[in-house]
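Here is the structure we will look at.
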Amino acid sequence: GHFGQFGGRYVAETLMPLVLDLEREYRAAQADPAFHAEFDDLLANYVGRPSPLYYAESLTEALRQDAPEGKGAQVWFKRDELNHTGAHKINNCVGQILLARRMGKTRIIAETGAGQHGVATATVCARFGLPCTVYMGATDVARQQPNVFRMKLLGAEVIPVTSGRATLKDAMNEGLRDWVANVHDTFYIIGTAAGPHPYPELVRDFQSVIGKEAKAQMQDRIGRLPDLLVAAIGGGSNALGLFHPFLDDPDVKMLGVEAAGHGLDGSEHAASLLGGAPGVLHGNKTYLLQDADGQITEGHSISAGLDYPGIGPEHAWLKDSGRVDYTAVTDKQALDAFQLLCRTEGIIPALEPSHAIAAVADRAREMDRDAIILANLCGRGDKDIFTVADALGVE
Ligand SMILES: CC/C=C(/N=C/c1c(COP(=O)(O)O)cnc(C)c1O)C(=O)O
């Protein structure tokens, strides 16, 4: 594997030539200044980067209210929810659509759970005039309706998937099935840092613009590095994007936040690292929620984007190496954090980063007032307002 025992490329033989072509093309793109110039130009002038680095003063003060005397870290956000399409997903889609064009592919497919990756894929397909087919679990079609309509407005075909629990895992199964049948003309834009090598690496590389910007912005604004980075984890791409540029800074601690759903003691969660075991799924070896026979078990999370029984292999390696700490936040805790941010900062976060905000609230109270926490605000909550309304029993 490419991350210790984790990673690898466990795919059907028919996929191997394409996966090898993709690696060859990715290496060529990495060495091509024109690729980087086009990527950087689109991120600046189409996506709207750099995303702001924002000091959440009001949230910081609110958290200090019930912190012990002299405690209460400063909370900063990387505002990737302000990107075009409303989440970090677009960073990766811009990179992958450029690879698809370099490879001469004429058809794009993708999987989606929260619909953010689906919208971002449909967006770059519209921009570059390529047909787009998005696979989405029927459960997620129902709970992320605003994004389903946006995908259609952008010209994408949305195919509901009804197998299993009809969430992200099932959508990714269908995406891989389509890809195996159409390798000649189709490029699969995978939405997270998972899948057969080189996907976990190239997705992490495209998303690392988040951490690179944050490092420079922190130096400009406060002249030092943050003490703790916090990010929510579905497959793990926004977390790796923030963490990766800081991995060689030993004083920068990192916390990945998984979805504990209805609690880690039961099976109704999506904490693949904390509640799973090593296994193989979707082309890579990583930590997975699985039963004693190695069958993948269905997860649960209130947040569609974290509702995945796997995780990118780089996180499996970072956990085992001890470089990154991992925790898990329940649906309830995420909902409370969602409302806290709305009320203190006037920002409606997606349910995914709401899990990170819950963990920030937990850690900030234990840290000194001059400590700096930087959290990834990786998506906006417009897509979630009806899910939240139902959960809170309000109109
Ligand atoms: C690739 C499938 C995941 C999706 N979203 C995941 C997601 C996530 C979790 O994905 P990762 O960053 O890859 O862990 C975090 N924040 C937002 C706003 C998300 O939408 C999607 O389909 O939109």
Next item on the list: Hey, can you tell me all the residues within the range 291-303 that are modelled with pLDDT under 95 and buried (at least 24 other Cβ atoms within 10 Å of the Cβ)?
Entry: 299
Check: Can you list the strands (runs of 3 or more DSSP E) found entirely within the range 274-374 that contain at least 2 residues being of a type in the set (A, V, I, L, M, F, W, C)?
Finding: 277-281, 325-330
Next item on the list: State which residue is nearest to residue 351 (Cα to Cα) when the search covers only the range 257-285 and only residues that are open to solvent by 60 Å² or more (accessible area, probe 1.4 Å) and of a type in the set (A, V, I, L, M, F, W, C).
Entry: 264
Item checked: Within the range 300-340, considering residues that are hydroxyl-bearing (Ser, Thr, Tyr) and over 15 Å from residue 284 (Cα atoms), the one nearest to the ligand (Cβ to nearest atom) -> 303
Check: Does residue 361 fit the bill of being within 16 Å of the chain's Cα centre (by Cα), under 23 Å from residue 275 (Cα atoms), small (Gly, Ala, Ser) and open to solvent by 20 Å² or more (accessible area, probe 1.4 Å)?
Finding: no
Margin query: Can you go through 113, 95 and tell me which one is open to solvent by less than 10 Å² (accessible area, probe 1.4 Å), over 30 Å from residue 369 (Cβ atoms) and within 12 Å of the ligand (Cβ to nearest atom)?
Written below: 113
Item checked: Residues within the range 215-242 that are in a helix (DSSP H, G or I) and either away from the ligand (no atom under 11 Å from the Cβ) or without any contact (Cβ under 8 Å) to a residue 12 or more places away in the chain (or both), tallied -> 8
Next item on the list: Run down 66, 140 and say which single residue is among the acidic types (Asp, Glu) and more than 21 Å from residue 306 (Cα to Cα).
Entry: 66
Notebook entry, point to check: On the given criteria, is residue 288 surrounded by fewer than 21 Cβ atoms within 10 Å (Cβ to Cβ), farther than 25 Å from residue 373 by Cα and at pLDDT 95 or above?
Noted result: no
Next item on the list: Among the residues of the range 372-395, write down those that are under 30 Å from residue 227 (Cβ atoms) and either away from the ligand (no atom under 11 Å from the Cβ) or open to solvent by less than 30 Å² (accessible area, probe 1.4 Å) (or both).
Entry: 372, 373, 374, 375, 376, 377, 378, 379, 381, 384
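Quick grid of which residues meet (1) in contact with a strand residue (DSSP E or B) (Cβ under 8 Å, 6 or more places away or on another chain); (2) part of a helix (DSSP H, G or I); (3) over 25 Å from residue 184 (Cβ atoms):
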| position | (1), (2), (3) |
| --- | --- |
| 11 | no, no, no |
| 16 | no, yes, no |
| 19 | no, yes, no |
| 22 | no, yes, no |
| 25 | no, yes, no |
| 39 | no, yes, yes |
| 45 | no, yes, yes |
| 49 | no, no, yes |
Check: Picking from 43, 20, 59, 63, which residue would you name as being surrounded by fewer than 22 Cβ atoms within 10 Å (Cβ to Cβ) and more than 16 Å from the ligand (Cβ to nearest atom)?
Finding: 20
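The values are calculated or read from the model by the stated rules, or taken from the named source; none is laboratory data. Note that the structure is predicted; figures quoted are calculated from it, not measured. Cβ coordinates were reconstructed from backbone atoms using ideal geometry, including for glycine residues, and neighbour counts include every protein chain displayed. Surface accessibility is based on the protein's heavy atoms, side chains included, excluding ligands, DNA and RNA. Shrake-Rupley method; radii C 1.70, N 1.55, O 1.52, S 1.80 Å.
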